Structure formats: structure tokens, C-alpha cells
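Data block below; observations after.
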Amino acid sequence: MGCFYRIFLNIQHFWCNTYFFKKHRKKICYADTDITLKEYDNSEREEKEKNRVGNRKANSGNVYANQWVYSKTSNIPRNLGRVTEKLEWDELLCIEFDLNERIFVYSHSRYNQLEKRDRSSALRRFLRPDLVLETDNTIGDNNLNEGTSIKIIDYKDVPLEFYKKKELHPKSAKKYKDDLVKQLTYEYALQQTHNISANVFFIPYYYNVEPSNTLGELEENINLKGIKIFKANFFLIQNSYLENNQ
């Protein structure tokens with residue numbers, strides 16, 4: 001059952017990522033995917049893989065996860081002494097714990113600037129949200145990256161009712177809790193350098209009537225500690241994928 005679920009979830013990820021790369025490629029900062037696209041030319045890959053979008057080796061030992069991810073160069077300096085060199089987005093998606101002091105480095109004033117951190121004893125974990133998009137919303141802390149805002153999206157293959165139920169089976173309750181913790185961790189890591197305009201669970205939804213926004217709508221009645229539920233138009237996402245693979 002677990003293997004079947006993983007295969008189905010991967011299919012959904014292919015569909016969603018295909019849509020965003022076709023419609024919003026310029027706004028994608030990071031995507032945990034290595035899908036193929038028609039007429040795509042990737043200079044980072046060998047000839048037979050030129051149409052794959054992955055351009056950075058993933059920092060993960062998980063054999064089930066993508067071995068490549070898509071990541072653009074951010075506008076965050078690697079250090080103050082070399083302002084022309086910028087961090088990659090997958091590098092911003094890294095959390096560190098200081099093993100000597102047993103603290104999360106972002107929470108301590110000694111480490112509140114990237115260039116001043118002593119990483120020699122740090123434990124690192126590279127986070128892998130499904131998608132990070134640059135948004136037009138510039139409302140926020142002007143001290144963070146000149147007001148640039150981003151949206152964090154994770155695809156979830158669960159029905160809307162999953163988030164409405166007050167009581168869940170223990171296995172489902174664990175998934176519910178784990179998903180929230182991971183999503184909030186993505187937000188915490190990225191809000192060190194950027195304003196977060198939205199943090200979203202992107203779920204498939206079957207509309208009887210075409211929504212006003214063809215991609216779908218937010219579920220206004222659910223707010224999971226700041227995480228919104230976006231009801232994505234299943235047939236629109238599916239058709240985008242099929243068009244790319246005809």
C-alpha cells in the first residue's frame with residue numbers, strides 16, 4: 001500500500017510541477033522535481049537529459065527522493081566581503097543546529113548574520129518543499145531582502161475533508177501533525193531572508209462549476225497555524241501534464 005501511495009503521489013507531483021513550469025517558470029525559485037519538458041534545454045545536464053529541469057544535485061541521501069532539484073540563484077550575498085556571489089535557493093533551505101550549545105542557530109544573536117556563523121560543529125538538514133515561488137506581494141519587513149516576497153507550496157494528495165475532521169485515525173493524525181511541522185519549518189527557514197506572502201497546501205479538487213480563478217480557490221474556512229489550503233482544479237492540472245506529454 002505504501003509503495004502504491006508513493007507512486008500515485010509522484011504522479012500528482014509530476015502534474016503540478018508541469019503546470020507551474022509551463023505557466024510560471026520565471027517565478028520559480030526552487031522546485032523539488034526533475035520533470036522533463038518539451039523543448040527544454042538544460043545546460044547542466046548530459047545530452048540525453050537536456051530536457052530535464054533539475055540543475056542542482058539534491059543534498060539528500062533518500063533514495064526515494066529526487067536526486068536532482070531545480071534551484072535558481074537568490075539575491076542573498078554568500079558573505080559581505082564578496083557581494084557579487086549569491087547563495088542558491090537550495091542553500092537557503094538549510095537549517096543548522098549547533099551541537100556544542102544545543103541551540104538552533106537562527107535563535108541566537110551570535111548567529112543572526114550568515115557570514116558570522118561558525119559552522120564547524122553545526123548539524124545541517126536541507127529542507128525540500130515542493131515549490132517556492134516569487135510573488136508580487138511586497139508587503140512585509142523592509143529589512144528583509146528589499147521587500148521581496150515568496151510563496152511556499154507543498155502538494156498534498158488528500159481530500160479537503162482531511163483538514164476538516166476534528167478526529168483522525170492515529171496514522172492520519174500523525175501525518176497531519178508531521179505535515180504541519182514540516183511546512184512551518186520551511187517557512188521559518190526562509191523567513192530569515194525573505195517575506196513570506198503565503199504558505200500553502202495544494203490539494204486536488206474536483207469542481208462542479210468552473211472557479212473564478214481557473215487554477216482554483218483558497219478554502220477560506222481553514223487556517224492551519226497560518227497555512228492555507230488551495231483547492232487546485234484537478235482537470236486543469238491534468239490537462240497541462242497531458243499536453244506536455246503528447
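The values are calculated or read from the model by the stated rules, or taken from the named source; none is laboratory data. Since this is a predicted model, take the numbers as computed values, not measurements. Every residue, glycine as well, gets a Cβ built from its backbone with ideal geometry; the counts of neighbours run over all protein chains shown. To get the accessible areas, we keep the full protein, side chains included, count just its heavy atoms, and leave off ligands, DNA and RNA. Shrake-Rupley method; radii C 1.70, N 1.55, O 1.52, S 1.80 Å.
Here His24 sits with roughly 70 square angstrom of accessible surface, probe radius 1.4 Å. Between the amide H of Lys228 and those of Asn199, Val200, Phe201, distances stay under 5 Å, these residues lying 5 or more places away or on another chain, with hydrogens modeled in the peptide plane. Ranked by the mean number of other Cβ atoms within 10 Å per residue, highest first, peptides 44-50, 125-131 order as 125-131, 44-50. Rolling a 1.4 Å probe over the protein heavy atoms leaves Tyr207 with an accessible area of roughly 40 Å².
Ranking Ser172, Ser149 from most to least accessible surface, computed with a 1.4 Å probe over the protein chains only, gives Ser172, Ser149. Give me the Debye-computed log₁₀ of I(q)/I(0) at q = 0.15, 0.29, 0.30 Å⁻¹ for region 10-56, equal point scatterers on Cα only, no solvent, two decimals. Log10 I(q)/I(0), no solvent term: -0.35, -1.21, -1.26.
In the full protein context, region 168-246 carries 55 Å² of accessible surface per residue, based on a 1.4 Å probe and ignoring ligands, DNA and RNA. Ordered from longest to shortest, the equivalent ellipsoid semi-axes for region 146-246 are 24, 21, 13 Å, each the square root of 5 times a Cα gyration tensor eigenvalue.
The figure for Phe230 is an accessible area of roughly 30 square angstrom, using a 1.4 Å probe on the protein chains alone.
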